[in-house]
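*Asks:* Got a structure here, written out as structure tokens. Questions coming.
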Amino acid sequence: MIPVKVLKISYHPDSRSYAVILQEITGNKCLPVIVGSFEAQSIALAIEVLEAPRPLTHDLICDVITGVDGFLKSIRVSHLKDGVFYAQMELESIGFGVRIIDARPSDAIAVALRMKAPILVSSNIMEEAGVDQDSIKEVKKTIIKPEISVQNLKEKLKLAVEEEEYETAAILRDKISLLEP
């Protein structure tokens, strides 16, 4: 298995969806994985380390895993069949041991980013469907960013200060300063 990171999220005009570009951590190959717009938004939120006012589906999955005293050991993009990627989430807990859960790569990536778990790709998949990073740069892509208003961030900042969550408040303050002119 090859460790990868999320390089970027790009609009994929052919399918009117998004491509999550997974790049080898120690190499130059990338794997574009097509995902839906909701999943792309969730992945973008996880990359930006922003929380929604209420838990989204991927947040709920993380809460369930930690709620049963488990943790996500890794996610693996395990195989490719008829042009569709398949993934697995490897969970572990003292209560239930190690479990391998079938998942869509988009969902597994969104959860892995939130739980800071390794993202792994089968070497066979990288060989079969991977592309050189330089070939990706040649194509114009639109990177999606989560839609976040300065007002929304200011409200979250005020709440974080009131609840004495100063680390969160500092992160929010920095994001606000980047967005305000």
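*Asks:* List ILE136, ILE65 from most exposed to least, where exposure is judged by having the fewest other Cβ atoms within 10 Å.
*Replies:* Working: ILE136 17, ILE65 21.
Placing the least packed residue first, the sequence is ILE136, ILE65.
*Asks:* Explain nothing, just compute: Karplus ³J(HN,Hα) = 6.51 cos²θ - 1.76 cosθ + 1.60, θ = phi - 60°, for every residue of region 51-62 in order, whole Hz, x for Gly and Pro.
*Replies:* In residue order, the calculated couplings are 9, 7, x, 10, x, 7, 3, 5, 5, 4, 4, 4 Hz.
*Asks:* When the chain is modelled as a GNM with alpha-carbon springs shorter than 10 Å, which of GLU128, GLU164, GLU24 fluctuates the most?
*Replies:* Highest fluctuation of the listed residues: GLU164.
*Asks:* Report the FRET efficiency, 1/(1 + (r/R0)^6), for LEU60 and ASN124, where r is their Cβ-Cβ distance and R0 is 45 Å, rounded to 0.05. Kindly include the intermediate steps, with their values, before the conclusion.
*Replies:* On the way: r = 32 Å, r/R0 = 0.72.
Calculated value: 0.90.
*Asks:* Taking springs between alpha-carbon atoms closer than 10 angstrom, which of ASN152, ASN124, ASN28 fluctuates most in the Gaussian network model of the chain?
*Replies:* Sorting by GNM fluctuation, first place goes to ASN152.
*Asks:* Counting helices only, and only those DSSP H runs with n ≥ 4, report the 222 nm mean residue ellipticity of the chain as the sum of -39,500 (n - 2.57) divided by its residues, in deg cm²/dmol to the nearest 500.
*Replies:* Working: 7 runs with 73 residues, N = 181.
When only DSSP H runs of four or more count, the value is -12000 deg cm²/dmol.
*Asks:* Need the full-extension length gain, VAL98 to SER37, defined as separation in residues times 0.36 nm minus the C-alpha distance. One decimal, nm.
*Replies:* Details: separation 61, 0.36 × 61 = 21.96 nm, distance 3.13 nm.
Result for the pair: 18.8 nm of gain on full extension.
*Asks:* For region 26-31, just list the computed ³J(HN,Hα) in residue order, Karplus coefficients 6.51, -1.76 and 1.60, θ = phi - 60°, integers in Hz, with x standing in for Gly and Pro.
*Replies:* Each residue's phi maps through the Karplus curve to give 10, x, 10, 8, 10, 10 Hz.
*Asks:* What number, in nm² with one decimal, is the all-direction average of the projected area of the convex hull of the alpha-carbon atoms of region 2-147?
*Replies:* Working: hull surface 35.8 nm².
Dividing the Cα hull surface by four gives the mean projection, 9.0 nm².
*Asks:* Projected onto the charge dipole of the chain (+1 at Lys/Arg Cβ, -1 at Asp/Glu Cβ, origin at the Cα centre), which of ALA108, ILE94, LEU159 gives the Cα projection farthest towards the positive end?
*Replies:* About the Cα centre, the residue reaching furthest to the positive side is ALA108.
*Asks:* Using Cβ contacts closer than 10 Å as the measure, can you line up MET126, MET1 from fewest to most?
*Replies:* Values: MET126 20, MET1 15.
Ordered from fewest to most neighbouring Cβ atoms within 10 Å, MET126, MET1 come out as MET1, MET126.
*Asks:* Sticking with this one: Filter LYS8/LYS81; LYS8/LYS158; LYS5/LYS158; LYS8/LYS73 down to the pairs with a C-alpha to C-alpha distance above 26 Å, please. Mind dumping the intermediate values first?
*Replies:* Values: LYS8/LYS81 24 Å; LYS8/LYS158 31 Å; LYS5/LYS158 33 Å; LYS8/LYS73 23 Å.
In this structure, LYS8/LYS158; LYS5/LYS158 exceed 26 Å between Cα atoms.
Where a number appears in this text, it was derived from the coordinates with a stated rule and is not lab data. Source: prediction; values computed, not measured. Because the Cβ atoms are built from the backbone with ideal geometry, glycine has one as well, and the counts that use them run over all protein chains shown.
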